[in-house]
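Every number here is computed from the coordinates shown, using simple stated rules; none is lab data. The structure presented is a predicted model; accordingly, all values stated were derived computationally and were not measured. Note: ideal-geometry Cβ built from the backbone for every residue, glycine included; neighbour counts use all protein chains shown.
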Amino acid sequence: MATRLTTILVIVIVGATFIAGLIVGAQRDDASGPVDLIIVNGRVYPGGGAALQEAVAVRGNQILRVGSNREVKRLRRPQTLVLDAHGATVLPGLSDSHVRLMAGALALDDLNLSPATTIDDIETELRQYAEEQPARPWLVGRNGDPELLASPGAPARRILDEAVVDRPALVTSDDGNVAWANSKALELAGIDRKTPNPESGIVVKDRHGEPTGVLKEDAVDLVARIVPQRTRAEKIAALRAAFSEAHKVGITSVQSVSTGNEELELLDEIRDQGALTVRVHASIAVPPTLTEAAVLDLNALRENFPDDPALKLGGVMVMCPCEASQIQRAVALLDKHNWTVIVRTVSGADVHAAMEAFEHAVDVNAAAANDRRHRLDESLLGDGQARILSGSNWPASSLDPRDVIEESAAGPGELRNAIDAYTSHAAYASHDEQRKGTLARGMLADLVVLSDDIFDSESSSLRDAVVTVTIFDGKIVYQRPAASSND
């Protein structure tokens, strides 16, 4: 008995010594190596429900320490860059869980009509845009109010002809289902009184049979398809501009949906240039009728874009409306091949069918080695619990996360959950929770510093807080210009 007790004590002592050695070693690692950047005097929310801290230290592209000002300040070295948060909030870099990155990038140079609330607004905005862009061969406006554009009897053609007299013009709704075209655009598309309606669309005509300029559903594509395409170089430049827009609102990661592989190839080229400053988890949109052969093609594409902190192909979005049987078959097929499945729902029936399809996939693919994280548009199912995700659906809506976070945090105590939806939950959805989404030692150094303490209930609203610094991979990629002085 004594021998056994001694053995146990020795093991405990050795174990304690070993643990103490690890702690001392970790402290030595903190203190002896270079420290590139520290943020002090902050209200640091590490994410995932963790308690607020004061400071963060960064070494290379990883978080080195999150803790008190005293703990972090002692790590300062002569080469260390020090950022003073002045009591404002510091968060993990934000991740938008639903964007169409290429579409959003290309739309940056187009006229954004989301502020237009009347037909007069559309005409005024388009007329001003035409004056500001005299060299553009086409004028394109996006994000129009679909109800406004579809107003009965709207004289779309006349309005656009008066606003843009020298070149074709096309205005589309934020959902892409309604558009206005001027006479020059209709002429180039070959649309006249004899043009029949496409199978699933309408070329709206007046009582004399003349096109009014209003196009609905598939008829929109009759004009949209002849708008000149951007060159590869222009698309790459547009994507890099989109990264800059993301940095201004604190976004360091996106989950992007596209219909093909072009976006991935362009992003891969930007990555090779060392200029990919937003982490991209890509998904491919497919119809619910996809075949086994189509999935094998997706598998081959995935091999070209495997797991990588900067860029990877990991998801497939099934586009609804769908029949329940179609969703079930599509989800089971994709699940069998270890894809993360996102179902884009448009009705309560789609939601119900998708939930049943997820359960069915588990039953029929029981042997699949699948870490399932299937999801609806903005909610994630995984490890037996649901997580809320937040996405802007940019460019149909603003990329600014404050819009979604403020709406999600309407009730008391909900702010941290709303932030988690843009950070830790988003990272889990893309299988990245071990490297981003929270601030902890060893995690990627993606951070955002705000102008105010958003956790102070007595301070200004979240809407008044702006991003002052965005850090990606340990480097400052955006710093808000100092306010101009009248002195």
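Here is how the numbers come out for the structure above:
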quantity: Cβ-based charge dipole, the chain, positive-most Cα from ALA332, ASN365, VAL164; calculated: ASN365
quantity: Whole-number percent relative contact order across the stretch 76-146, with pairs defined as alpha carbons under 8 Å at least 6 apart; calculated: 36
quantity: Ratio of the Cα radius of gyration of the stretch 232-436 to 2.2 N^0.38 Å, where N counts its residues; calculated: 1.02
quantity: Positive minus negative residues near VAL466 (Lys, Arg vs Asp, Glu; Cβ under 15 Å); calculated: -3
quantity: Radius 11 Å from Cβ of GLY87, net charge of other residues (Lys, Arg +1; Asp, Glu -1); calculated: -4
quantity: Of HIS86, SER68, SER200, farthest towards positive along the dipole that unit charges on Lys, Arg, Asp, Glu beta carbons give the chain; calculated: SER68
quantity: Alpha carbon centroid spacing (whole Å) that separates the stretch 74-104 from the stretch 120-145; calculated: 35
quantity: Whether the stretch 138-224 is rounded, prolate or oblate, judged on the alpha carbon gyration tensor where a/c under 1.5 counts as rounded; calculated: rounded
quantity: Between the stretch 316-362 and the stretch 175-194, the Cα center-to-center distance that results, in Å; calculated: 35
quantity: Relative contact order, percent, the stretch 232-436 [alpha-carbon distance under 8 Å, six or more residues apart]; calculated: 14
quantity: Nearest-ten-degree value, helix 348-364 long axis tilted from longest Cα axis of the chain; calculated: 50
quantity: Helix-only [θ]222 nm of the chain, DSSP H runs n ≥ 4, -39500 (n - 2.57) each, per residue, nearest 500; calculated: -10500 deg cm²/dmol
quantity: Angle in degrees between helix 324-336 and the longest Cα principal axis of the chain, rounded to the nearest 10; calculated: 40
